[in-house]
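The values are calculated or read from the model by the stated rules, or taken from the named source; none is laboratory data. What you are looking at is a predicted structure, and each value in this text was computed from that prediction instead of being measured. Using ideal geometry, Cβ is built from the backbone for each residue, glycine included, and neighbour counts are taken over all protein chains shown. Heavy atoms of the whole protein, side chains included, go into the accessibility calculation; ligands, DNA and RNA do not. Shrake-Rupley method; radii C 1.70, N 1.55, O 1.52, S 1.80 Å.
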Amino acid sequence: MDIKNADANGYFGEYGGSYVPEALKKELDYVASEYEKLRKDPTYIKELDELNRTYTGRPSPVYHAKRLSAAAGGAEIYLKREDLNHTGAHKINHCLGEVLLAKHLGKKKVIAETGAGQHGVALATAAALLGLKCDIYMGEVDVKKEAPNVLRMKILGARVISVTEGTRTLKDAVDAAFRAYLNDTENQIYCIGSVVGPHPFPSMVRDFQSIVGREAREQFLESENTLPDAVVACVGGGSNAIGIFSGFLDDESVALYGVEPAGRGLNTPYNAASMTKGKKGILHGFKCYYIQDEKGEPLPVYSIASGLDYPGVGPQHCLLHDTGRVTYDSATDREAIEAFYALSRLEGIIPALESSHAVAYAVKLAEKLGKGKRILVNLSGRGDKDIDFVTTNYPISEYEGTFGKTGYKEFLSQISGS
């Protein structure tokens, strides 16, 4: 079975497809056809490569986090620094590609959903750069939680539309964006923010994000003369994870780990661990694992990280889970906060709460793998957007005075009161 590519109908194994109204399917089939032509067009490729290099700042470096590694004990931890991209996350990788596609198709506007705001900021940035209008749908909860990114989007010229239905978070923003797309497919295009949704979005976003994996593999070989023993990335919808995993899928010696949000615990309703707690079904026009009730309706999900609180997960991830090529595990809110402060104090890098889940898992994995092993973490975004929320709800005073005096395990013991 091909775990790397979808078939002609957009299926990765049994997952994916395009379960949408006929009018929308016709438009998406057109988008898919045009994308397949454009992705092979030398002029398009050259323009996107030039923007990645001179505008985004690619390639992003791979950094050896020596102090974090020493404090964690065991394996050495390295970071793929997607937080250093223009706009502060991996999202700019697919946004530039999508907006270039929209311009080629003659669209006047791009629309999207956003949770943490990183996709919204990246799309607003690309739209400003290429001269298109931009509407961003964002749950009311996330509008308040991620205020700095809301302001950035508005400064860049985007219209931010607060979604007040349902749980007022990412799933509801996706619903609202799809409704808006259905109202006018002629003049606008939905630039989805992850490897989810109906075909061709999962494959298209994956293609744009695969630059992360290609770079990381080459950089690691060059600097370490070997491949990493493990690659770790957080998983909500799954774009940053599939981006870096794609570079290593053929390398059987490299273990791949996707880290879902366990929230307040997998034994509570307050998590968004779709692969762990979900069942198969149709969500937002594609088949995947998602968290649902007995009638197949999506249940409310939760994560401290706004970009991870989505009830489903990308179809390629579902296949990688079933085949066992990727191990999917989870990290709790508390573990993410601990990693947020740890990376900030030990390495001078403030990570996004989404990325903090991957860092937290890597620290545990480092002890398990032991000395002599190497772990590569996709640091998918920076934490500027999360500073107000974190310091208000998890005060610095709880963490002061511990770093530099203790190792990571002793630090965790102190702040947990154990």
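A few notes on this one:
- For the chain, alpha-carbon Rg and Dmax in angstrom: 20.0, 62
- Of the GluC sites (Glu not before Pro) found in the range 159-250, the ones in coil according to DSSP and having at most 14 other Cβ atoms within 10 Å of their Cβ are 165, 186.
- The C-alpha atoms of the chain define a longest principal axis, and helix 201-224 lies at about 40 degrees to it.
- Carbon plus sulfur fraction of accessible area for the range 76-121, probe 1.4 Å, in percent: 52
- The residues of the chain have, on average, 38 Å² of accessible surface per residue, using a 1.4 Å probe with all protein chains present.
- D_trans [Stokes-Einstein, Kirkwood Rh over alpha-carbon pairs] for the range 183-307, 37 °C, 0.692 mPa s, µm² s⁻¹: 202
- Rounded tilt (10° steps) of 22-38 against the dominant C-alpha axis of the chain: 70
- Shape call, the range 236-344: gyration tensor on alpha carbons, a/c limit 1.5: oblate
- Net charge of Cβ neighbours under 12 Å - reference residue 239; Lys, Arg +1; Asp, Glu -1: -2
- The calculated pair-distance distribution of the range 229-296 uses every alpha carbon pair, bins of 5 angstrom beginning at 0, and gives 4, 16, 20, 20, 19, 12, 6, 2, 0 percent.
- Shape of the range 157-255 from the C-alpha gyration tensor: prolate (a/c of 1.5 or more and a/b above b/c, with a ≥ b ≥ c the square roots of its eigenvalues).
- Note on the chain: with a GNM built from Cα contacts shorter than 10 Å, the maximum mean-square fluctuation among 161, 387, 396 falls on 396.
- Accessible carbon and sulfur surface of the range 212-278 relative to its total accessible area, %, 1.4 Å: 41
- Angle between the chain longest axis and helix 353-369 axis [Cα atoms, degrees, rounded to 10]: 50
- Residue-averaged [θ]222 nm for the chain, counting only DSSP H segments that reach four residues, each worth -39500 (n - 2.57): -13500 deg cm²/dmol
- Rounded, prolate or oblate (a/c below 1.5 giving rounded, otherwise prolate when a/b exceeds b/c) for the range 291-400 by Cα gyration tensor: oblate
- Residues 51, 79, sorted by accessible area with the largest first, give 51, 79 [1.4 Å probe; ligands and nucleic acids excluded].
- Heavy-atom surface analysis with a 1.4 Å probe gives the range 305-385 a carbon and sulfur content of 46 percent of its accessible area.
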